[in-house]
Amino acid sequence: MNIKLALCVGAGGFIGSIARYLLSKYIFNQVGNTFPWATLSVNLVGCFLIGLLIGWFARSETLSAEIRMFLMVGFCGGFTTFSTFASESLQLLRSGEGFSFFMYAAISVVCGIALTALGSYITLYSRNG
């Protein structure tokens, strides 16, 4: 086991988790809890960010494994949250909010993949990326 890489992942996860908490709290305070906007927003931002990183790393061979692990596995892994998405989806179903559940799941998956692809495209094909 490479302890240096593990520490990079841990440090990135620590920062990503705090960033998720702060952004989620801000969004929750702005729009409330009638729909899981905070988790949706954080996860979509995270998808776009990991897409940017995928493209950036594909273009740059000089970035170390430590930086890659810190940003992608650590920060993005700590920033986004599938378990909260799953929990909130189940809560919507249990409360009889079938349409909200469908919209939340569809937007999360479809837009998440689209934003990851967009971020990757931007950094792979931009002139200065």
Legend entry - Enumerated helices (runs of 4 or more DSSP H) restricted to segment 6-106, each holding at least 2 residues that are loosely packed, with under 15 Cβ neighbours inside 10 Å, touching a residue at least 24 places away in the same chain (Cβ under 8 Å) and not aromatic (Phe, Trp, Tyr): 37-59
Legend entry - Condition met for residue 116 (open to solvent by 70 Å² or more (accessible area, probe 1.4 Å), closer than 28 Å to residue 9 by Cβ and not aromatic (Phe, Trp, Tyr)): no
Inset, instruction - Filter segment 9-35 for residues that are closer than 15 Å to residue 81 by Cβ and of a type in the set (Phe, Trp, Tyr) and give the result. - result: 14, 21, 28
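Which of the residues belonging to segment 119-129 are in a helix (DSSP H, G or I) and open to solvent by 80 Å² or more (accessible area, probe 1.4 Å)?
Selection gives 121, 125.
The values are calculated or read from the model by the stated rules, or taken from the named source; none is laboratory data. All values derive from a computational prediction rather than experimental measurement. We place every Cβ from the backbone using ideal geometry, glycine too, and count neighbours over all the protein chains shown. Quick note on the areas: whole protein, heavy atoms, side chains included, nothing else; ligands and nucleic acids left out. Shrake-Rupley method; radii C 1.70, N 1.55, O 1.52, S 1.80 Å.
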